[in-house]
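The values are calculated or read from the model by the stated rules, or taken from the named source; none is laboratory data. None of the values given here were measured: they were computed from a predicted structure. Please note: Cβ atoms are built from the backbone with ideal geometry, for glycine as well, and neighbour counts cover all protein chains shown. Protein only, heavy atoms only, side chains kept; ligands, DNA and RNA dropped before computing areas. Shrake-Rupley method; radii C 1.70, N 1.55, O 1.52, S 1.80 Å.
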Amino acid sequence: MSATKELTVGLLIVSDTAAADHATDRAIDTLTAVIAEANAQIHNNAYEWLVEERRIIPDDTEKIQEKIKDWCDNKALSLILTTGGTGFAKRDVTPEAVSELLDKTASGLVHGMLAASLKITPFAIMSRPVAGVRGDTVIVTLPGSPKGAKENLESIIKLLPHACIQAAGGDSRVLHSGGIKKLEKEAGVAPPSGAHDHHSHLHESGGLASDDAVGMTSGCGHHHGGGGHHAPTPRTQQGGELKSNDLTGDVARRHRSSPYPMISVKEAHKLVVENITAPEIVKRKVDANLVGYILAEEVRAKESVPAFRASIVDGYAIVHTDGVGIYPVVGVSHAAPGEIKPLEAGQIARITTGAPLPPGATAVVMVEDTRIAKTTDDGTEELEIEILASGLTELENVREVGSDMKTGDLLLSKGAEITAVGGEIGLLASVGIVEVGVYRKPVVGVLSTGDEIVQHDRAGDLSIGEVRDSNRPTLLAAITARGFEAVDLGIAKDQPGTLEDVLKEALSKVDVIITTGGVSMGEKDLLKPTIERTFNGTIHFGRVAMKPGKPTTFATIPTEGNISRPIFSLPGNPASATVTFHLFVLPALRQLSGFIGEDIHLAKALVTVEEDLVLDPRPEYHRAAIRIDKSGGLVARSTGGQRSSRIGSMEAANALLCLPGLSEVGDKRTRIPRGDKVEALIIGELKVLDV
Ligand code: AMP
Ligand code: MG
């Protein structure tokens with residue numbers, strides 16, 4: 001259920017520090033949370049904030065102005081919020097950079113922010129915010145400290161929709177038709193005498209605890225505390241107001257638009273990465289079941305390979321200083337264990353590939369470089385052999401002890417992946433390593449939810465309203481195929497008690513829970529409330545700007561021993577469930593198994609599209625079959641209708657084409673023309689194009 005009007009927002013973070021290392025930025029999370037809270041409180045559902053642009057740039061006038069012009073003049077965003085650069089430091093230039101671009105100033109907004117901040121700290125007087133309008137866009141500069149930015153934004157955000165609608169050309173007579181009282185009611189603000197309540201609200205940290213000085217610091221947007229590492233920011237406020245619907249409340253009181261902030265896929269990935277616990281280390285035997293594990297320790301060779309001087313060819317072992325001539329054959333060495341007679345200069349011994357050299361021998365002559373000189377009378381045994389090769393070098397055709405691998409050599413580094421191709425397993429086996437320390441792979445439970453869902457193989461026709469469960473078999477197969485143990489958790493009815501019981505049981509059995517269904521806006525959509533209210537879980541995100549998969553939800557539930565278990569509540573629509581499994585769950589499973597960095601994500605490639613692809617307002621993960629063409633390039637063919645309910649869109653798909661959302665396409669293209677290249681995430685095996 002979408003709101004009637006979306007007010008688009010750009011967040012421009014101006015900070016030298018954050019621009020140099022994006023991980024140090026907290027302003028984006030902070031502002032996104034304030035905006036989400038504002039969305040949750042919008043009364044008449046007439047509009048909704050939608051953060052469309054986020055950028056981190058250094059304290060640089062030109063860069064600030066360039067972004068603001070683009071966002072106002074080309075993108076026509078409803079609101080731009082800048083943070084940082086509002087203090088007195090030399091590098092603080094944001095207000096000046098913004099002022100030059102304004103068509104109108106909005107001193108009321110500035111007063112509002114200053115008045116609110118002054119109630120918190122006299123240092124507010126050190127702030128130099130500006131606000132105003134350029135084109136259709138309202139622009140406000142906020143201080144650099146996340147706490148200050150939050151307090152300032154909270155003090156004006158309820159009034160901003162009105163300003164934005166008017167700035168964008170909304171009819172002011174219509175806007176003002178009910179008088180100021182009506183406007184106040186719609187904005188959810190009280191007249192000034194009630195402002196005191198609001199003040200105390202400003203002090204709620206909402207989990208965004210900050211060590212920054214209150215409000216306006218020197219304002220350069222640099223974050224104190226260093227290290228760039230901060231605790232994950234919960235998206236919900238424990239013990240405070242929960243975002244999910246209260247299940248004991250009336251249906252009519254449920255949210256009519258999602259109270260969860262719409263975040264980008266990139267932000268969602270970041271939240272998953274931050275909230276997955278460190279992998280556990282276990283011992284595993286070296287055998288075929290080791291495939292897919294990541295080594296948690298470096299492994300060194302316990303033995304040398306070869307363990308003895310071995311011949312590389314079939315031929316005759318010899319002392320290399322002996323040259324061309326006829327030699328008696330004094331022994332035979334086969335590739336088999338056992339005693340071997342020593343050899344002296346002037347003697348040779350027959351030897352096979354891989355067999356140990358007789359003590360005393362220093363080279364091997366290939367059988368091709370020899371001729372029989374004398375045999376036994378019955379002709380069955382060689383007595384003398386003529387060596388035809390001259391100039392033998394020491395160890396010619398010999399693998400010296402430890403020449404492949406010496407005892408103590410590094411065999412595999414910590415973090416190495418054991419693959420099915422055999423390389424790593426063979427290496428470990430070759431030096432007698434029987435057990436290694438690896439990261440434990442998570443056990444994954446899959447639960448379907450919905451009163452309408454029936455077992456896929458239930459005999460007989462469906463009654464009206466029944467739907468066969470296609471998500472569970474699909475996900476169980478995908479998990480197993482990726483080398484993880486999957487546990488079938490069955491189907492849970494849309495009843496709070498049932499869901500609670502099933503999840504409780506699941507939490508004791510599996511490391512990661514995947515549910516499908518029950519995360520939309522319906523009153524039977526119980527996942528979010530159950531996670532938050534029954535299990536005291538934290539919902540890290542509940543809405544992602546993507547198609548399909550918008551209501552994808554990721555939460556963690558605290559369990560015994562201070563372990564938090566991830567739960568992915570995927571949308572019920574089959575294509576959405578499968579796409580979001582690959583996009584979000586798989587990287588989490590890989591991270592839990594010890595993969596790090598980019599390795600947790602699906603591999604990406606550039607592919608040429610074979611047909612025009614129409615763009616959606618949201619970034620789309622378009623199911624496609626990609627193949628390798630004659631020239632070695634990759635070509636992509638859409639799997640057809642991409643409706644999220646159509647599981648057929650996954651049939652034969654081995655890639656998800658990453659199509660930009662309409663708003664991200666600078667030149668206002670509405671389609672990707674055939675022949676253009678797009679990024680594709682690889683989810684299956686590549687095949688060759690059949691022409
Ligand atoms: P929900 O997210 O529960 O609102 O479900 C969205 C849509 O997906 C509904 O049409 C459901 O019937 C359908 N759906 C939910 N779960 C499954 C499933 N396990 N298999 C097939 N379709 C499902
Ligand atoms: Mg449902």
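Summary table below
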quantity	calculated
Listing of strands (runs of 3 or more DSSP E) fully contained in the range 572-662 that carry 1 or more residues being within 16 Å of ligand 2 (Cβ to nearest atom) and either farther than 30 Å from Glu53 by Cβ or free of Cβ contacts under 8 Å to residues at least 12 places away in the same chain (or both)	none
Pick from the range 548-565, criterion in a strand (DSSP E or B) and open to solvent by less than 10 Å² (accessible area, probe 1.4 Å), ranking: farthest from ligand 2 (Cβ to nearest atom)	Ile557
Selection count where residues are part of a loop (DSSP other than H, G, I, E, B), more than 16 Å from Phe581 (Cα to Cα) and within 16 Å of ligand 1 (Cβ to nearest atom), scope the range 498-517	0
Positions within the range 134-149 being at pLDDT 90 or above and open to solvent by 20 Å² or more (accessible area, probe 1.4 Å), in sequence order	Arg134, Gly135, Asp136
Some residue of the range 524-541 being assigned by TED's automatic domain parsing to the domain that holds Val579, within 11 Å of ligand 1 (Cβ to nearest atom), open to solvent by 10 Å² or more (accessible area, probe 1.4 Å) and basic (Lys, Arg)	yes
Scan of the range 518-547 for residues that are in a loop (DSSP other than H, G, I, E, B), touching a residue at least 60 places away in the same chain (Cβ under 8 Å) and either more than 16 Å from ligand 2 (Cβ to nearest atom) or not acidic (Asp, Glu) (or both), ordered by number	Gly518, Met521, Lys524, Leu526, Asn536, Gly542, Arg543, Ala545, Met546
Yes/no for Ser448 being within 16 Å of ligand 2 (Cβ to nearest atom) and either under 37 Å from the mean Cα position of the chain (by Cα) or among the polar types (S, T, N, Q) (or both)	yes
Failed condition for Val502, given (1) free of Cβ contacts under 8 Å to residues at least 60 places away in the same chain; (2) touching a Lys or Arg at 6+ places or on another chain (Cβ under 7 Å); (3) away from ligand 2 (no atom under 13 Å from the Cβ)	(2)
Qualifying residue in the range 671-690 (condition: surrounded by fewer than 17 Cβ atoms within 10 Å (Cβ to Cβ), within 16 Å of ligand 1 (Cβ to nearest atom) and either over 22 Å from Leu50 (Cβ atoms) or not hydrophobic (A, V, I, L, M, F, W, C) (or both))	no
Residue check for Ser663: open to solvent by 40 Å² or more (accessible area, probe 1.4 Å) and over 21 Å from Lys266 (Cβ atoms)	no
Only listed residue being over 18 Å from Val398 (Cβ atoms) and of a type outside the set (Asp, Glu), chosen from Ile340, Ile312, Ile326	Ile326
Residue ID - farthest from Glu417 (Cα to Cα), chosen from residues in the range 465-497 that are assigned to a loop (DSSP other than H, G, I, E, B) and within 13 Å of ligand 1 (Cβ to nearest atom)	Gly465
